[in-house]
Amino acid sequence: MTRFTQAELEAARDRLVPDVVAGGLRVLFCGINPGLMTAATGHHFARPGNRFWPVLHLSGFTPRLLKPAEQGELLSYGLGITNVVARACARADELTAEEYREGGRLLREKVVRLAPRWLAVVGVTAYRVAFDDRRAQVGPQERVIGGTRVWVLPNPSGLNAHWTAATMAEEFARLRVAAEG
């Protein structure tokens, strides 16, 4: 893994991280926003403590553990990645409610255009603010965007101590089963 100085990570704040998307995906995973390591590498969920890639594999979405640099392989499994907010920062709590709401608006447009079967937002708080749904819980939502169903997943950040990799994998697997149906 490439090591970055704090100055290099801070400089990455201005970099946009390209989506990994295509039309008609089974599941479009949506992170909150790129972290500084993600912005520095250009690879989603790149921070070593982030559990997205291990949980994706443990839940059966991928046949092997992918590295962030292999994110393009997701498309071959009918999966993609985007973010609610494009701006990179060290912690999601640096984002404003307005950024979340605007990100939710742009995300709805993207989902209508790409028409994935499921949109999976990883982070219940981000979903609540972006979609103005204060009562949302982890799991399938009543909301439909175009023809796309919505599922809220736990945030795989290492800072989210309420969920273990195993319990996250169980929730991701519930989505996988629904997406296969």
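Read the figures in this text as sums done on the coordinates, not as results from a lab. Computed from a prediction, not measured in an experiment: that's the story for all the values here. Don't worry about glycine lacking a Cβ; one is built from the backbone with ideal geometry, like all the others, and counts go over all protein chains shown.
Restricting attention to the range 119-181, which trypsin sites (Lys or Arg not before Pro) occupy a DSSP loop and are surrounded by at most 15 other Cβ atoms within 10 Å?
Listed in order of number, the matching sites are ARG134, ARG135.
Hey, what do the phi angles of the range 59-67 turn into as Karplus ³J(HN,Hα) couplings, whole Hz, using 6.51/-1.76/1.60 and θ = phi - 60°, x for Gly and Pro?
Once rounded to whole Hz, the list reads 7, x, 5, 10, x, 8, 6, 8, 8.
Using amide H atoms built in the peptide plane, which far-off residues or other-chain residues are under 5 Å from ARG143 H to H?
Those qualifying (amide H under 5 Å, at least 5 residues apart or on another chain) number zero.
Can you give the calculated 222 nm mean residue ellipticity of the chain, where each DSSP H run of n ≥ 4 adds -39,500 (n - 2.57) and the sum is split over every residue, rounded to the nearest 500 deg cm²/dmol?
Helix-only estimate at 222 nm: -9500 deg cm²/dmol.
What FRET efficiency comes out for the pair ASP14/ARG101, r = Cβ-Cβ distance, R0 = 30 Å, nearest 0.05? Numbers along the way, then the final one.
Details: r = 22 Å, r/R0 = 0.74.
Calculated transfer efficiency: 0.85.
Students often check this: by mean Cβ neighbours within 10 Å, which of 32-40, 51-59 ranks highest, and how do the rest follow?
32-40, 51-59
Using label points projected 7 Å from each Cα along Cα→Cβ, tell me how many nm separate ARG91 and LEU159, to one decimal.
Using points 7 Å along Cα→Cβ, the separation is 0.5 nm.
Using the scaling law 2.2 N^0.38 Å as the reference, what is the normalised Cα Rg of the range 39-96?
Computed over Cα atoms of the range 39-96, the ratio equals 1.20.
May I ask which residue of LEU114, ALA97, PRO156 lies farthest towards the positive end of the charge dipole of the range 84-164, with charges of +1 (Lys, Arg) and -1 (Asp, Glu) on Cβ and the Cα centre as origin?
In the range 84-164, that residue is LEU114.
Non-local amide H neighbours of CYS30 (under 5 Å, H modeled in plane, Pro and chain starts lacking H): which ones?
It is THR82, ALA120, VAL121, VAL122, by chain and number.
Counting pairwise Cα distances across the chain, what percent come out greater than 21 angstrom? Before the final figure, lay out each step's value.
On the way: 7231 of 16290 pairs.
Of all Cα-Cα distances in the chain, 44 percent exceed 21 Å.
Explain nothing, just the number: relative contact order of the range 66-181, from Cα pairs under 8 Å at least 6 residues apart, as a whole percent.
Across the range 66-181, relative contact order equals 20 percent.
Using the Cβ atoms and a cut-off under 12 Å, what net charge is assigned to the surroundings of PRO140, where Lys and Arg are +1 and Asp and Glu are -1?
Numbers: positive: ARG143, ARG149, ARG174; negative: GLU142, GLU171.
Local charge sum for PRO140: +1.
Distances longer than 17 Å among the Cα atoms of the range 90-140: what percent of all pairs is that? Write out the running numbers ahead of the final one.
Working: 476 of 1275 pairs.
Counting every Cα pair in the range 90-140, those more than 17 Å apart make up 37 percent.
In 10 Å bins starting at 0, how do the alpha-carbon pair distances of the range 16-58 split up by percent?
26, 53, 21, 0
In nm, give the distance between the simple-model label positions of GLN137 and ARG64, each being 7 Å from the Cα along the Cα-to-Cβ direction.
3.9
Can you grab the distance from the C-alpha centre of the range 154-177 to the C-alpha centre of the range 94-146, Å, no decimals?
18
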